[in-house]
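Novice: Before we start, here is the structure in question, set down as structure tokens.
The values are calculated or read from the model by the stated rules, or taken from the named source; none is laboratory data. Quantities reported herein were computed from a predicted structural model and do not represent experimental measurements. Neighbour counts run over all protein chains shown; Cβ positions are idealised from the backbone, glycine included. Areas reflect the complete protein model, heavy atoms only, side chains present, ligands, DNA and RNA absent. Shrake-Rupley method; radii C 1.70, N 1.55, O 1.52, S 1.80 Å.
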Amino acid sequence: MDTLLSSVTSDSRVVDAFPGRFGQYEFPVDKVLSNQARLESNVRSYPRRFPIAIKRASGAQIEDTNGQVYLDCLSGAGALALGHNHPEVNQEIVNQLSAGLPYQTLDITTPVKDGFVNELMAFLPAAFAEDSCIQFCGPSGSDAVEASLKLAKLATSRSNIFSFHGAYHGMTNGSLSLMGNLNAKARRSGLMPDVHFFPFPYSLRCKFGSGGEAGERASIRYIESVLHDQESGIVKPAAIILEPIQGEGGVLPASAMWLREIRRITSELGILLIFDEIQCGIARSGRNFAFEHAGIEPDILVLSKAVGGGLPLSCLVFKKKFDAWDAGEHAGTFRGNQLAMAAGMKTLQIIRRDGLAQNALNMGEILTAKLRNLQQRQPCIAEVRGRGLMLGVEVVKADVMDVLGQPLADPELANNIQRAALRHGLIIEKGGRHGAVLRFLPPLNITEKQVNYAAWAFEQAVGVCAR
Ligand code: PMP
């Protein structure tokens, strides 16, 4: 299986490298799949877009129960930094299982935990790590976001939180209240109060109608003026929380200038700055953490997904001066997942040893160039954007504008492209406004051949679907 895509060197040979049914694959429904539809709740989401059952996976490749092989540019929604079943991570987990340590230890320490903490601290910028501490949270990203909100409120004795249009911080009550996407909120009531939303940099759909640096400066001016206006109706928040690169919102990287300005404003006014790097952290952006592109630091950093090497783990890293907790004031049974700490430690080590932040930059550049080349030939592609191996392609109805004079998003086309890509053996994520952004989140150790394959399969998919 490892070699299935490895002979891909040019477009014509891609098809040959694939085991049959290529391009016309019809996704037969086997027993496992029909059982899922029968037994699992309506709430299931990915299976509707990827009607497959996974048999095995290795690196960036997945094989389904019918023997079809896919290149995985979803990576467990960014949780699998090294792809599937990295041999060294697997071995670390096996060693851990053989060592006789507990599976989980609440927040009692072990040599494995100590190793993980040291590795994570070494992975962080030294100046940030120096006066920061770690808080392990319940295993999901949302759990860690909840903890960050509680901590910020506690440390500042304030209750307002500023979030951003397009933000995604999780599905629990507090984290969902920070969410931009209205579909997820439409049928919810009683969400956490005191959240205020501001425009996030998004040149193509700039809330100020200007886009580019002018749009970002307008966003900063708007936030700053609200904070200084005694008649703005919005009291000073405990914290501003943001993703330095919005993921689910449509792959929107904030510029270094915008992030630095947010840091300046929050520092001047004593507002905590929380960076949610659950998706964009751990080398995905081409630096260990996306905030490093701006040369600034948050007060609280929220981590999950890849930090556990693909197993459930989440934590906060924050400045010790904001460590306002009393002992046990925030807790959680599954804070001490030893297997995840072992896998996470190994993953961080491998990312550093193998220079995978740089690989993310290099491979991201190659993929971006190929996607931009496709954009020249496909008017339905309005924008190709992102940083490192977190890339998005926004599709629109060519030459049709919405009421605001912006390109009209084409969610149906995005759906079709995602499905056609799957038929061509490529798994990609989808998100953004109206779900019209196709998203690439491949493993950080993806090879150039695999990138070429992804670009080729994507081009076929767009070619089949674009009108
Ligand atoms: N924050 C960000 C930036 C995310 O991308 C996600 C998950 N997509 C979360 C928080 C929530 O993490 P989880 O699904 O593990 O609760």
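Novice: If you stretched the chain out fully between residue 185 and residue 118, how much longer would it get, using 0.36 nm times the residue separation minus the C-alpha to C-alpha distance?
Specialist: Full extension from residue 185 to residue 118 adds 20.2 nm.
Novice: Sticking with this structure for a sec: When the helix-only estimate is applied to the chain (DSSP H runs of n ≥ 4, each -39,500 (n - 2.57), divided by the residue count), what is the mean residue ellipticity at 222 nm, nearest 500 deg cm²/dmol? It would help to have the intermediate numbers written out before the result.
Specialist: Numbers: 16 runs with 178 residues, N = 467.
Computed ellipticity for the chain at 222 nm equals -11500 deg cm²/dmol.
Novice: For the chain, how big is Rg over Rh, using alpha carbon atoms and the Kirkwood form of Rh?
Specialist: Details: Rg = 22.0 Å, Rh = 23.0 Å.
Computed over Cα atoms, the ratio is 0.96.
Novice: So how much slack lies between residue 44 and residue 105, counting 0.36 nm per residue of separation and subtracting their Cα-Cα distance, in nm? It would help to have the intermediate numbers written out before the result.
Specialist: Working: separation 61, 0.36 × 61 = 21.96 nm, distance 3.11 nm.
Length gained between residue 44 and residue 105: 18.8 nm.
Novice: Given a Förster radius of 35 Å and the C-beta distance between residue 56 and residue 217 as r, what FRET efficiency does 1/(1 + (r/R0)^6) yield to the nearest 0.05?
Specialist: Values: r = 50 Å, r/R0 = 1.44.
The calculated FRET efficiency here is 0.10.
Novice: Accessible area per residue for the stretch 202-288 in Å², computed with a 1.4 Å probe and the full protein assembly in place, what is it?
Specialist: Per residue, the stretch 202-288 has 36 Å² of solvent-accessible surface.
Novice: Which net charge results for the neighbourhood of residue 86, defined as the other residues with beta-carbon distances under 10 angstrom from its beta-carbon, given Lys and Arg at +1 and Asp and Glu at -1?
Specialist: On the way: positive: 346; negative: 88, 92.
Net charge around residue 86: -1.
Novice: Only four residue types carry charge here, +1 at the Cβ of Lys and Arg and -1 at the Cβ of Asp and Glu. Report the dipole size of the chain about the Cα centre in Debye, rounded to the nearest 20.
Specialist: Values: 47 positive and 47 negative charges, 168 e Å.
Roughly 800 debye for the chain.
Novice: Projecting each Cα onto the charge dipole of the chain (Lys/Arg +1, Asp/Glu -1 at the beta carbon, about the Cα centre), which of 212, 360, 121 comes out farthest on the positive side?
Specialist: Comparing the listed Cα positions along the dipole, 212 ranks first.
Novice: Enumerate the helices in the chain for which the Kyte-Doolittle hydropathy averages -1.0 or more and the C-alpha atoms extend at least 30 Å along the helix's axis, using complete DSSP H runs.
Specialist: On the way: long enough: 356-377 (31 Å, -0.35).
Correct list, ordered by number: 356-377.
Novice: Now a separate question. If you build the Cα gyration tensor of the stretch 361-467 and take the root of 5 times each eigenvalue, what three semi-axes come out, in whole angstrom, biggest first?
Specialist: On the way: eigenvalues 100, 41, 29 Å².
Whole-Å semi-axes of the equivalent ellipsoid: 22, 14, 12.
Novice: I've got another one for you. Net charge around residue 412, counting only other residues with Cβ within less than 13 Å of its Cβ (Lys, Arg = +1; Asp, Glu = -1)?
Specialist: Working: positive: 397, 419, 430, 467; negative: 410.
Combined, the nearby Lys, Arg, Asp and Glu give +3.
Novice: Taking only protein heavy atoms into account and a 1.4 Å probe, give the accessible area per residue of the stretch 54-198 in Å².
Specialist: Numbers: 6120 Å² over 145 residues.
I get 42 Å² per residue for this part.
Novice: Let me ask another. With no solvent and one equal point scatterer per Cα, compute the Debye intensity ratio I(q)/I(0) for the stretch 89-353 at 0.10 Å⁻¹ and report its log10, rounded to two decimals.
Specialist: Once normalised to I(0) and log-transformed, intensities are -0.49.
Novice: Rounded to a whole number, what % of the accessible area of the stretch 89-353 do carbon and sulfur atoms account for, probe 1.4 Å? Numbers along the way, then the final one.
Specialist: Working: 5360 of 10450 Å².
Its accessible area is 51 percent carbon and sulfur atoms.
Novice: Separate question: Note the full-extension length gain between residue 326 and residue 369 as 0.36 nm times their separation in residues minus their Cα-Cα distance, in nm to one decimal. Display every interim value, and only then the final one.
Specialist: Values: separation 43, 0.36 × 43 = 15.48 nm, distance 5.09 nm.
Contour length minus Cα-Cα distance gives 10.4 nm.
Novice: Return the distance in nm (one decimal) between the two label points of a simple spin-label model at residue 225 and residue 362, each offset 7 Å from Cα along Cα→Cβ.
Specialist: 4.7
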